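Please read the structure below before turning to the comments.
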Amino acid sequence: MTIDPIAWGAAVGIPERPIHKARGASVQPPNRFLAVHQEDDWEHVAEDEEFFASLERPPTVYLPDSSQSIVAENDSPDVPFRYSVNPYRGCAHGCSYCYARPTHEYLGLSAGLDFETKVMVKHRAPQLLRKWLARPKYEPQSLAFSGVTDCYQPVERKYRLTRGCLEVAAECHQPIGIVTKNALVTRDLDLLTPMAAINTARVALSITTLDNELARKMDPRTSTPAARLRAMEKLSAAGVPTFAMVAPVIPGLNDAEIPAILQAARNAGAESAAYVLLRLPYAVVEVFYDWLDRHVPDQAARVRARIQDTRGGKSYDGRYGHRMRGTGIIAEQIGETFRVFARKFELDNKLEPLDTSKFQAPQMHSDQMRLF
């Protein structure tokens, strides 16, 4: 017989594990690469109210990342870029559904709470990008900011690493595309505007919902939906091409908002839009399903069922060609809804490729000569 440790604990007077306030995850799924993992044992601290109170607001710790490369290469046919720049690893935004959570397992950490409370900071990011772009054999192509983190997460206000990378890109006319949920991107309009004028920059704002209450639960440390739309409007007014990423679309939770999100994005100046169906690879499924049970318990069973309807009866199908859109009637309905309203609001445009012809290799700020 399987025993639910939370139900058992409640029966014998042991507190349930705490809900971490302003966090997307309340669990630490075992790291799939480690043979040993930690299990919480609340019985021995059951009377320690101060300890449980401290667990409700775990601090974010920023750790130095000594990586010697800043650019990651991607060969997935589902992703429209080959190279991405990630100044950080992990993300304090704390979205429970984030497909990038399992990348923390490569560091010996958990895809759960660790992903949003233990953020790695690549302090040498601008220098590493300069070095990478200065390679003699580099063939210019667009760089994505970012692939497995949000380059404008809150700590960017302090470290300014994304801005430093943009300064390098602006200097050598390196084309870049940004995807973010944070209105902080408008801070860098002084760089993005002249880059956009020569078609070397564009920005996508990811908008998951227009419901402020749902956004606070689902995207706990991101900018509000209204702030993202204001950022889109400000970028568009400055001449920076913007588009809306309706991502992720969660069947049974936010899919009904697709028309309203697209209309709001169009009103804010977006030129195009795209969507991605919810992806739950590896430990993300445990984090997200736990989030469902805690934050929208009345909808949890329905959302689970609809997710599985779009994934062939499973929680996730990682096959190329299927993982971004899903399969089945519900997935087809979501896709058709998006296409109809994208066309209605004139957001079905294909954006022209960014211009790589103006690229000039950056100067290395070092007295050391290159050997290769």
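Before moving on, here are some points about what is shown:
- Condition met for Pro59 (modelled with pLDDT of 85 or more and within 30 Å of Arg325 (Cβ to Cβ)): no
- Evaluated against (1) crowded, with 22+ Cβ neighbours inside 10 Å; (2) closer than 21 Å to Pro220 by Cα, Thr242 falls short on exactly one condition, (2).
- Failed criterion for Asp298 (all others in (1) within 30 Å of His104 (Cα to Cα); (2) at pLDDT 95 or above; (3) not in a helix (DSSP H, G or I); (4) not β-branched (Val, Ile, Thr) hold): (1)
- Output for segment 226-270, where each listed residue is outside any helix (DSSP H, G or I) and under 19 Å from Glu332 (Cβ atoms): Val246, Ala247, Pro248, Val249, Ile250, Pro251, Gly252, Leu253, Asn254
- Residue check, Val203 in contact with a Phe, Trp or Tyr (Cβ under 6 Å, 6 or more places away or on another chain), buried (at least 23 other Cβ atoms within 10 Å of the Cβ) and not in a helix (DSSP H, G or I): no
- Single match in Ala92, Ala72, Ala25 (criterion: closer than 28 Å to Arg163 by Cα, modelled with pLDDT of 85 or more, among the hydrophobic types (A, V, I, L, M, F, W, C) and part of a loop (DSSP other than H, G, I, E, B)): Ala92
- When the criteria are applied in full, Phe115 fails the requirement of being of a type in the set (A, V, I, L, M, F, W, C) and outside any helix (DSSP H, G or I).
- With a requirement of 2 or more residues that are within 18 Å of Glu233 (Cα to Cα), the helices (runs of 4 or more DSSP H) lying completely within segment 134-199 that satisfy it span 189-197.
- Condition check for Tyr320: more than 17 Å from Asn254 (Cβ to Cβ), assigned to a loop (DSSP other than H, G, I, E, B), at pLDDT 95 or above and under 23 Å from the mean Cα position of the chain (by Cα): no
- Pairs meeting the criteria (first residue in segment 170-181 and on the phi > 0 side of the Ramachandran plot and without any contact (Cβ under 8 Å) to a residue 60 or more places away in the chain, second residue acidic (Asp, Glu) and not in a strand (DSSP E or B), beta carbons under 9 Å, at least 6 apart or on different chains) are lacking.
- When segment 226-243 is filtered for residues that are under 19 Å from Lys350 (Cα atoms) and in contact with a Leu (Cβ under 6 Å, 6 or more places away or on another chain), the ones remaining, listed by number, are Met232, Val240, Thr242.
- The listed residue being at pLDDT 95 or above, charged (D, E, K, R), within 21 Å of Arg101 (Cα to Cα) and in contact with a strand residue (DSSP E or B) (Cβ under 6 Å, 6 or more places away or on another chain), out of Arg311, Arg325, Arg304: Arg325
- Conditions (1) closer than 30 Å to Lys358 by Cβ; (2) at pLDDT 95 or above: number failed by Arg82: (2)
- Members of segment 155-200 that are basic (Lys, Arg), under 25 Å from Ala247 (Cβ atoms) and either surrounded by fewer than 19 Cβ atoms within 10 Å (Cβ to Cβ) or out of contact with any strand residue (DSSP E or B) (no Cβ under 9 Å at 6 or more places or on another chain) (or both): Arg157, Arg163, Arg187
- Of residues in segment 96-147 being closer than 28 Å to Val36 by Cα and free of Cβ contacts under 8 Å to residues at least 40 places away in the same chain, the one farthest from the chain's Cα centre (by Cα): Leu107
- Test: residue in segment 210-224 that is closer than 24 Å to Thr117 by Cα and acidic (Asp, Glu): yes
The values are calculated or read from the model by the stated rules, or taken from the named source; none is laboratory data. Not measured: the values here are computed from a predicted model. When we count neighbours, we look across all protein chains shown, and the Cβ atoms used for this are built from the backbone with ideal geometry, even at glycine.
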